[in-house]
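Undergrad: Handing you a structure now.
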Amino acid sequence: MSNTNPAESWVKSSYSGGEGGQCLEWLPARAVSGEVPVRDSKAPERGALSLSPSAWSSFVQFASGQSI
């Protein structure tokens, strides 16, 4: 994935908590273009995985314990 625009803000998962646990971030500004970048907030230099909006939706449903 290319570098992100400084105006774009990564959003940390609400399940991450404040104790420095496993943290996932996503870039909602890109979702409108048909991609949803996802990365590890503790290692952003490792890049991001780009998911389709439907794959992202399925992942969020799975992670939140809802049936798909």
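Undergrad: Can you run phi through the Karplus equation (6.51, -1.76, 1.60; θ = phi - 60°) for the stretch 26-32 and list ³J(HN,Hα) in whole Hz, with x for Gly and Pro?
TA: 9, 10, x, 4, 7, 4, 5
Undergrad: Return the distance in nm (one decimal) between the two label points of a simple spin-label model at residue 57 and residue 43, each offset 7 Å from Cα along Cα→Cβ.
TA: It works out to 3.1 nm between the two label points.
Readers should treat all values here as calculations from the given coordinates under stated rules, not as data from a laboratory. Remember, it's a predicted structure, so these values are computed and weren't measured experimentally. For neighbour counting, all protein chains shown are included, and Cβ atoms are generated from backbone atoms with ideal geometry for every residue, glycine included.
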